[in-house]
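The values are calculated or read from the model by the stated rules, or taken from the named source; none is laboratory data. Every value quoted in this text rests on a predicted model; they were computed, and no experiment measured them. Cβ placement follows ideal geometry from the backbone for every residue including glycine, while neighbour counts extend to all protein chains displayed.
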Amino acid sequence: MPDFTCALIRTCLLALIAMLISCATTSNAPVPSSALSGPFFQLDATDAKAFRTLAREQDLQLATCSQEHSCEQAHFSRALSALFDNQHTAVKHFQEVIAGAPKSRLATVSADWLKLLHESPSEREQQGHFSKATQHAILELLNREKVVTEELIAHQKRVEELSTQL
């Protein structure tokens, strides 16, 4: 069941992101790099602390990725959480997704996010209500992914305990 739940969460997240990107307008105007230094989405203090913790956990997961093992999902999750902290970090991780698996669905969504991140702030503000709804949906999905991961780890520990008793 946890595998199904993880897959469902990821599918919903990708669908939501695709919807956001399809509604966003694109711009060819260059954006100053200072515009990318802050968060894309704003969090309150309580949520910010929780997402800093999540970002540290994701960074640890990325540090343990082996070159033989695909790390695109980990980079994608880290990029999404970076949207609440630092757009430069998000850009870096979206680019890692594309570099690691250029023909994957995550690469396509990452490329769309990169286009959106390079829009001018005024264009983003035009999508204000949609952006706010998207922010809440991403927060909820990232929280659910964290809970599912914690449940899976607890389940695996329980299986190990029962195996040692046999």
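Please find, among Ala154, Ala111, the residue that is out of contact with any Pro (no Cβ under 6 Å at 6 or more places or on another chain), within 25 Å of Leu62 (Cα to Cα), part of a helix (DSSP H, G or I) and modelled with pLDDT of 90 or more.
Testing whether each residue is out of contact with any Pro (no Cβ under 6 Å at 6 or more places or on another chain), within 25 Å of Leu62 (Cα to Cα), part of a helix (DSSP H, G or I) and modelled with pLDDT of 90 or more leaves just Ala154.
Kindly indicate whether Val148 is hydrophobic (A, V, I, L, M, F, W, C) and at pLDDT 90 or above.
no
Could you check the range 50-65 and list, in sequence order, the residues that are outside any helix (DSSP H, G or I) and either among the charged types (D, E, K, R) or exposed (fewer than 11 other Cβ atoms within 10 Å of the Cβ) (or both)? Give the derivation first.
Of the range 50-65, the ones outside any helix (DSSP H, G or I) are 64-65.
Of everything in the range 50-65, just one residue is outside any helix (DSSP H, G or I) and either among the charged types (D, E, K, R) or exposed (fewer than 11 other Cβ atoms within 10 Å of the Cβ) (or both), namely Thr64.
If we scan the range 117-139, do we find a residue that is among the aliphatic types (A, V, I, L, M), more than 20 Å from Ser37 (Cα to Cα), modelled with pLDDT of 90 or more and out of contact with any Ser or Thr (no Cβ under 8 Å at 6 or more places or on another chain)?
Looking for residues that are among the aliphatic types (A, V, I, L, M), more than 20 Å from Ser37 (Cα to Cα), modelled with pLDDT of 90 or more and out of contact with any Ser or Thr (no Cβ under 8 Å at 6 or more places or on another chain), one finds none in the range 117-139, hence no.
Any idea which of Phe76, Phe84 is at pLDDT 85 or above, crowded, with 19+ Cβ neighbours inside 10 Å, part of a helix (DSSP H, G or I) and out of contact with any strand residue (DSSP E or B) (no Cβ under 9 Å at 6 or more places or on another chain)?
Details: Phe84 fails: part of a helix (DSSP H, G or I).
When all the criteria are applied, what remains is Phe76.
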